[in-house]
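Enquirer: This structure is in structure tokens; I'll ask about it shortly.
The values are calculated or read from the model by the stated rules, or taken from the named source; none is laboratory data. Computed from a prediction, not measured in an experiment: that's the story for all the values here. Quick reminder, even Gly has a Cβ in these numbers, built from the backbone with ideal geometry, and neighbours come from all protein chains shown.
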Amino acid sequence: MLIYCSLVTFYRSLGKRSIENVVFKFLYYMIKYVFEAMRMNEINIEQMEYLFLRRKRSSAVSERQKNLLFKAAQRHWEEEFVGKEANIRKVDCRIYKAILYQLEIRQIFLDTSLSLKKLSDLLETNQTYLSNVVNKYFGCNLKELVNGYRVEYAKELLSFGRCALNDLPRSCGFASKSAFYSAFSKVAGVSPLSYQSRERRKRELQVINELRY
């Protein structure tokens with residue numbers, strides 16, 4: 001509960017909308033759903049791993065991930081958009097969930113050739129409609145949304161030293177180093193190297209503090 005309250009406080013303190021905020025916003029609703037479901041005994045603590053970064057390959061697990069994600073997405077949809085946005089259609093919600101599934105579970109942002117056309121074909125909709133759904137419900141265009149996920153993935157790899165800096169662009173779905181550095185600086189506010197150094201210092205300070213106590 002302490003983690004949940006801390007995240008709620010942090011979320012409410014966020015200012016203007018940015019790509020990083022968009023990604024965090026959905027994470028906030030996922031966490032909110034998990035804690036509410038746990039209180040109602042709908043989900044146990046072991047199931048939480050399926051919501052966050054543990055993408056396993058079996059079809060059974062993938063379907064379980066999808067179901068949990070869709071429940072969280074539905075809760076987010078109802079709280080964030082129903083009654084607040086004009087001209088909402090059921091198909092909007094279906095496309096919205098499908099986008100989240102492809103990003104959160106399938107991690108299609110790692111595909112360097114991902115495009116509006118490729119995603120629209122995958123979701124069996126047209127490019128114009130897909131673009132409108134992304135702009136309306138995510139508050140950004142598809143490129144910005146996808147790059148936001150790529151940068152968050154890069155930050156995770158940098159934080160834990162899982163990938164060499166030179167290998168990061170393609171490992172995170174960027175087609176070029178220049179596109180990677182530009183997107184990373186825009187989303188994170190610092191260069192990848194500066195971010196890595198900052199995270200390393202944080203870990204070192206954490207170790208020092210733990211040794212003191």
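Enquirer: Out of all the residues in segment 58-78, which are touching a Cys at 6+ places or on another chain (Cβ under 9 Å) and at pLDDT below 75?
Expert: none
Enquirer: Kindly indicate the residue of segment 91-108 that is of a type in the set (Val, Ile, Thr) and out of contact with any Ser or Thr (no Cβ under 9 Å at 6 or more places or on another chain) and also surrounded by the fewest Cβ atoms within 10 Å (Cβ to Cβ) among those meeting that condition.
Expert: Only one residue tops the list, namely ILE108.
Enquirer: Could you please let me know if PHE180 is out of contact with any Asp or Glu (no Cβ under 9 Å at 6 or more places or on another chain), modelled with pLDDT of 95 or more, aromatic (Phe, Trp, Tyr) and not in a helix (DSSP H, G or I)?
Expert: On the way: out of contact with any Asp or Glu (no Cβ under 9 Å at 6 or more places or on another chain): yes; modelled with pLDDT of 95 or more: yes; aromatic (Phe, Trp, Tyr): yes; not in a helix (DSSP H, G or I): no.
In short, no.
Enquirer: Additional query: Looking at LEU193, LEU158, LEU119 in this structure, which one is within 23 Å of TRP77 (Cα to Cα), touching a residue at least 12 places away in the same chain (Cβ under 8 Å) and outside any loop (DSSP other than H, G, I, E, B)? Quick ask: steps written out before the conclusion?
Expert: Details: LEU193 fails: within 23 Å of TRP77 (Cα to Cα); LEU158 fails: within 23 Å of TRP77 (Cα to Cα).
Just a single option satisfies the conditions, and that option is LEU119.
Enquirer: Shifting gears a bit: If you scan segment 120-165, which residues turn out to be under 17 Å from VAL190 (Cα atoms) and over 19 Å from the mean Cα position of the chain (by Cα)?
Expert: The answer is LEU165, and nothing else.
Enquirer: Given the condition at pLDDT below 95 and among the polar types (S, T, N, Q), answer yes or no: does some residue in segment 139-156 qualify?
Expert: Checking segment 139-156: not a single residue is at pLDDT below 95 and among the polar types (S, T, N, Q).
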